[in-house]
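Enquirer: This is the structure, below, for whatever I ask next.
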């Protein structure tokens, strides 16, 4: 978990990353929470539409119903990340990225914008699993 550990310790900037570590979600949650951060799991298998993505991320982050990316962005702006920050582990992002490249790109933009705005607290999204190689997401490994 070295890349994630560096973020949790403040030695690496938060952001949106591909993450290839094979740790079970409950072990990731334990590590994140032990460091004082909040953890959320977005289990997106086999999500491949924008509507399914919005439904699942809304549930994962316990947001009010949101049926569009603007509502997601607004909810992320108001997100309580706790004292240190929040790590969102997005399992199974590949089907959505393959099926609807445009919607995936916009969703990724919303998450990236939130991660870049640390004035509202630190936010990290870890995209885990196979996905398209041509998507410009830095690796945290």
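The values are calculated or read from the model by the stated rules, or taken from the named source; none is laboratory data. Predicted model, so just to flag it, every value in this text is computed and none were measured. When we count neighbours, we look across all protein chains shown, and the Cβ atoms used for this are built from the backbone with ideal geometry, even at glycine.
Enquirer: Run down 54, 79 and say which single residue is part of a loop (DSSP other than H, G, I, E, B) and either without any contact (Cβ under 8 Å) to a residue 24 or more places away in the chain or under 18 Å from residue 16 (Cβ atoms) (or both).
Expert: That would be 79, the only listed residue that is part of a loop (DSSP other than H, G, I, E, B) and either without any contact (Cβ under 8 Å) to a residue 24 or more places away in the chain or under 18 Å from residue 16 (Cβ atoms) (or both).
Enquirer: From (1) at pLDDT 95 or above; (2) under 26 Å from residue 32 (Cα atoms); (3) buried (at least 16 other Cβ atoms within 10 Å of the Cβ), pick out the condition that doesn't hold for residue 103.
Expert: (2)
Enquirer: So in segment 32-50, with the set limited to residues that are under 20 Å from residue 101 (Cβ atoms) and surrounded by 13 or more Cβ atoms within 10 Å (Cβ to Cβ), which one is modelled with the lowest pLDDT?
Expert: Selected residue: 47.
Enquirer: Taking the conditions exactly as written (touching a helix residue (DSSP H, G or I) at 6+ places or on another chain (Cβ under 6 Å) and part of a helix (DSSP H, G or I)), does residue 39 satisfy them or not?
Expert: Answer is no for this residue.
Enquirer: Given the conditions (1) in contact (Cβ under 8 Å) with a residue 24 or more places away in the chain; (2) loosely packed, with under 15 Cβ neighbours inside 10 Å, which single one is not true for residue 72?
Expert: The failed condition is (2).
Enquirer: Would segment 84-98 turn up any residue that is part of a loop (DSSP other than H, G, I, E, B), over 16 Å from the mean Cα position of the chain (by Cα), without any contact (Cβ under 8 Å) to a residue 60 or more places away in the chain and at negative phi?
Expert: no
Enquirer: Can you pull out the residues in segment 123-136 that are surrounded by fewer than 20 Cβ atoms within 10 Å (Cβ to Cβ) and touching a strand residue (DSSP E or B) at 6+ places or on another chain (Cβ under 7 Å)?
Expert: Answer for segment 123-136, where residues must be surrounded by fewer than 20 Cβ atoms within 10 Å (Cβ to Cβ) and touching a strand residue (DSSP E or B) at 6+ places or on another chain (Cβ under 7 Å): just 129.
Enquirer: Follow-up question, since we're still on this one. Return the only residue of 132, 64 being part of a loop (DSSP other than H, G, I, E, B), farther than 25 Å from residue 21 by Cα and in contact with a helix residue (DSSP H, G or I) (Cβ under 8 Å, 6 or more places away or on another chain).
Expert: 64
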